[in-house]
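Engineer: Here it is: the structure, laid out below.
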Amino acid sequence: MSPDVVCRPVEIGEEGVACRLIERVFMEFVAPGFSPEGVAEFLGVVDMDKMRRRIAAGNLVLVARAGERLAGMIEVRDPGHVALMFVDKAFHRQGIARRLFEMALSIFHETRPEMKTVTVNSSPYAVSIYGCLGFEPTGPEQVKNGIRFTPMRLHLPAAPASF
């Protein structure tokens, strides 16, 4: 990963930029495999006010910034479920998703040391990405409200990953 990329917790006021990144990446890489119902359902989640409420409720949101540009983001809800993880196309294959994920794991290790697994409902596009992070499918692909996903799980090591 480029040394000028900084990963950190989202700051107040960045929610809108994060939502636009999610929507842009989703529409290019994920939406083509979804029904119109699934696209509408997903986009209903990508709302600045809803993200603010989820953060206030305890969801962890981290961002990766390359200078003034938002390169990626991750949202993890307690107890260890990756709700959203998106990286801008210009920053694909540079280790940003891994860095964000490892930082989230490190934070959860400090706040929830008893946590033994992390789960995700991966889009078809991201199954191989989560596989590279160590996740394994726990069942076949499913469709709920038009959203296609494969449930996946990662068993955590005793110590947090370093980043």
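The values are calculated or read from the model by the stated rules, or taken from the named source; none is laboratory data. Predicted model, so just to flag it, every value in this text is computed and none were measured. So basically every Cβ, Gly included, is an ideal-geometry build from the backbone, and we count neighbours across all protein chains shown. Surface areas here come from the heavy atoms of the whole protein model, side chains and all, with no ligands, DNA or RNA. Shrake-Rupley method; radii C 1.70, N 1.55, O 1.52, S 1.80 Å.
Engineer: By accessible area of protein heavy atoms, probe 1.4 Å, what ranking do His92, His155, His81 get, highest first? Numbers along the way, then the final one.
Structural biologist: Details: His92 55, His155 125, His81 25 Å².
Sorted descending by solvent-accessible area, the residues read His155, His92, His81.
Engineer: Setting aside same-chain residues fewer than 8 positions from Lys116, which aspartates and glutamates have a Cα under 17 Å from its Cα?
Structural biologist: List returned: Asp78, Glu102, Glu136.
Engineer: Now a separate question. Mean residue ellipticity at 222 nm from the helices of the chain, using -39,500 (n - 2.57) per DSSP H segment of n ≥ 4 over the full residue count, to the nearest 500 deg cm²/dmol?
Structural biologist: After summing the helix terms and dividing by the residues of the chain, the value is -9000 deg cm²/dmol.
Engineer: May I pose another question? Could you work out how far the C-alpha centroid of the range 99-134 sits from that of the range 12-38, in angstrom?
Structural biologist: Here the two parts' Cα centres lie 20 Å apart.
Engineer: Here's something else I'd like to know. If you wrap a convex hull around the Cα atoms of the range 1-71, how much volume per residue is inside, in Å³?
Structural biologist: Numbers: hull volume 6.9 nm³, N = 71.
Per residue, the Cα convex hull of the range 1-71 comes to 97 Å³.
Engineer: Of the heavy-atom accessible surface of the range 14-156 (probe 1.4 angstrom), what whole percent is carbon and sulfur?
Structural biologist: 53 percent
Engineer: Using a simple charge model, +1 on the beta-carbon of Lys and Arg, -1 on the beta-carbon of Asp and Glu, nothing else, what dipole does the chain show about its Cα centre, in debye to the nearest 20? Working shown, then result.
Structural biologist: On the way: 19 positive and 19 negative charges, 33 e Å.
Using only the charged Cβ atoms, the result is roughly 160 debye.
Engineer: Where does the Debye-calculated log10 I(q)/I(0) of the range 88-163 sit at q = 0.16, 0.26 Å⁻¹, using only Cα point scatterers of equal weight, no solvent?
Structural biologist: -0.65, -1.21
Engineer: Given the chain, report the % of alpha carbon pairs whose separation exceeds 26 Å.
Structural biologist: 23 percent
Engineer: When all C-alpha to C-alpha distances in the range 89-129 are sorted into bins of 5 Å, what percent of pairs does each bin hold, rounded to whole numbers?
Structural biologist: Going from the shortest bin to the longest, the percentages are 5, 18, 21, 25, 17, 10, 4, 0.
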